[in-house]
Amino acid sequence: MSGTYAYQGKATRIARARLTGVNASYKDLCEVCRSVRRKPTDYALEFLASAARGEKAIRFARHNSGKGHRRELGGQSGGFPVKSVKFVLGVVESAFANANKLGLGETKIAHIIANKKATFPRMSPKGRRIRHDY
């Protein structure tokens, strides 16, 4: 979703979209991106729209410590990261609009990532000095 775009796919005609400076959890964004990677764009838009309404859960394959098991995911860890889903949905809609403008037919999401941005160090105001990265 952000950072330097270095994807080198085999396709010659592609549509791109990018979003930087997102105020959302990096771990949630990674899992939402993983759930729509290599899927047809129509399916991805429908899935993300229902996930944004809280109807479908996102499976957390990697960043899942403390996450509950979801019945709708077959007992696997998951959750409802609505804020992250809305950001990813906006980017996918933008890429789909760019693909329509280029005249591409059937489209799929070939590449989607979430890069971690800069962290800002803060020190505790008094007592034992502890650094927190926000």
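A compact table of results
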| read-out | value |
| --- | --- |
| Among (1) exposed (fewer than 15 other Cβ atoms within 10 Å of the Cβ); (2) in contact (Cβ under 8 Å) with a residue 24 or more places away in the chain; (3) closer than 22 Å to Ala24 by Cβ, the one test that Phe96 misses | (1) |
| Unique residue being out of contact with any Asp or Glu (no Cβ under 7 Å at 6 or more places or on another chain), among the polar types (S, T, N, Q) and not in a loop (DSSP other than H, G, I, E, B) when the list is Ser35, Ser65 | Ser35 |
| Qualifying residue in the range 112-129 (condition: touching a residue at least 12 places away in the same chain (Cβ under 8 Å), open to solvent by 80 Å² or more (accessible area, probe 1.4 Å) and in a helix (DSSP H, G or I)) | no |
| Options Val82, Val88, Val92; residue that is more than 30 Å from Gln8 (Cβ to Cβ) and within 19 Å of the chain's Cα centre (by Cα) | Val82 |
| Residue tally, condition open to solvent by 70 Å² or more (accessible area, probe 1.4 Å) and under 16 Å from Lys86 (Cβ atoms), over the range 28-74 | 4 |
| Test result for Gly78, surrounded by fewer than 17 Cβ atoms within 10 Å (Cβ to Cβ) and not hydrophobic (A, V, I, L, M, F, W, C) | no |
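The values are calculated or read from the model by the stated rules, or taken from the named source; none is laboratory data. Computed from a predicted model, the values in this text were never measured in an experiment. As a convention, Cβ positions derive from the backbone with ideal geometry for all residues, glycine included, and neighbour counts pool all protein chains shown. The protein model used for the area step is the full one, side chains on, heavy atoms only, and it has no ligands, DNA or RNA in it. Shrake-Rupley method; radii C 1.70, N 1.55, O 1.52, S 1.80 Å.
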